[in-house]
Amino acid sequence: MPRPEASASPRLRAGAVLVLALGAVAAAVTILSASDIPAGTYRDNDFSQYYAGARAVAMGRSPYGETFWAVLREIGSKALFAKPYATVPEAGLTVAYPLWVFVLLAPMGVLPLALAASAFLMAQLAGIVAALVAIARRLLSGVSGGALVFAVVAAAFQPLWLILVGGNLAGIVAAAFIGGVAAALSGRPRLAGGLLGLCLLKPHVVALAVLALLVGLDPSARRRALASFAVVAIVLIAIAFASDPSWIAPWWRNLTALQSTSGSNATGWTIDRAVDAPRWTSPVAVAIVLGSFVVWVRARRPASATMIAAATPVSIFAAPHAWSYDAVPLLLSVAVLIAIFGRIGGRARALGLAAIGALAIVGPWAAYALAFRRGGEEWTAVAILAFFPLVVLADTLQRRMAT
């Protein structure tokens, strides 16, 4: 029988690490807020909409009303959305996120902008790092050099940098999704379901990938994951209606207005702009990609991690609206690809890692540069989708090596 101190030692070490990590985060928040970093850039980027909405809720007001604009004027925001959407004649539009986002962020709304921005940055960064470490430990622990390659790719990943610079909460969603996958693959379905529930902050980008994860679980684990997911979903919906029972109508008006704009969209729904084709080309392209994914899954019956890795780029491509920062969940696909090519070894490993570098480092930055020239991110959708055939190829090579 193990001695009590022997079993307690790992817990003590874990507790000490957690305390040190929290202390480092608190120190970073203090230093960053004092130096006006990242508030200087967040003021004029995506973060300002969360701050305005959170501040409105903290004041007992609706984030879909005039208070939203009053807060933006108060902080001097010059963000692109700091006026009603240009292609929508009706004034008064604010933000397309569901109310539960702003209720959760309401504590941030009582803080000064600099402190709120710093805390939000560090929360996102800590969450993403924790999720990436978790998925690396689950998938890459037996792959020589795999964790290092994964760290390099993540550090150079353009969508991740865009989140850190602009403050979009897509980082929280990506952390919840990747962490949920790591939990599911580690046999912890309740934790997986709870984390996936947090994806409801911005659900449309990872919807198909979450479905693929649930399909890959055995029935018992799926029930437990769905139960946890449902608890989180019910809590989010409840706090939204408790804050404002009439929030659905103004939120829906903003959501539909956003979809009718001609703004940049890094999904398959605007691929017709990239190739200068008829408008119907985009829904057809999305349908073909979704159909191809379903056919591949039914024909090959891939392992759960491989199926999720393939579903992730397809999910982003098929989302009704997304920008390049919404592609951070692709780091899950990167981890799976590194694991597969690492197990294959030899020349295939070298070529596979080169392909990963091209798709995960060169591709997103090149697409982002092109987006600046074109004034739209339509070609980014192609860069995102490219991960799907690479996962299919890697799975095919792995099967051949096993026979």
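The values are calculated or read from the model by the stated rules, or taken from the named source; none is laboratory data. Quick caveat, the model's predicted, so the values are computed rather than measured. These area figures cover heavy atoms from the full protein model, side chains too; ligands, DNA and RNA do not enter into them. Shrake-Rupley method; radii C 1.70, N 1.55, O 1.52, S 1.80 Å.
The figures follow:
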item	result
Accessible solvent surface per residue of the chain, calculated while the other protein chains remain in place, 1.4 angstrom probe, Å²	45
Portion, in percent, of the accessible area of the chain that falls on carbon or sulfur, probe 1.4 Å	70
Among Ser243, Ser35, Ser228, residue whose mean-square fluctuation peaks in a GNM of the chain (springs only between Cα atoms under 10 Å)	Ser35
Shape of the chain, Cα gyration tensor, a/c cut at 1.5	oblate
Heavy-atom SASA rank of Ile239, Ile338 (probe 1.4 Å, accessible area, largest first)	Ile239, Ile338
Span-rule helices in the chain, defined as complete DSSP H runs reaching 30 Å or more along the axis (Cα) with Kyte mean at least 0.5	4-34, 113-139, 219-243
Shape of segment 272-316, Cα gyration tensor, a/c cut at 1.5	prolate
Max mean-square fluctuation residue, GNM over the chain, Cα-Cα springs under 10 Å, options Ile172, Ile128, Ile31	Ile31
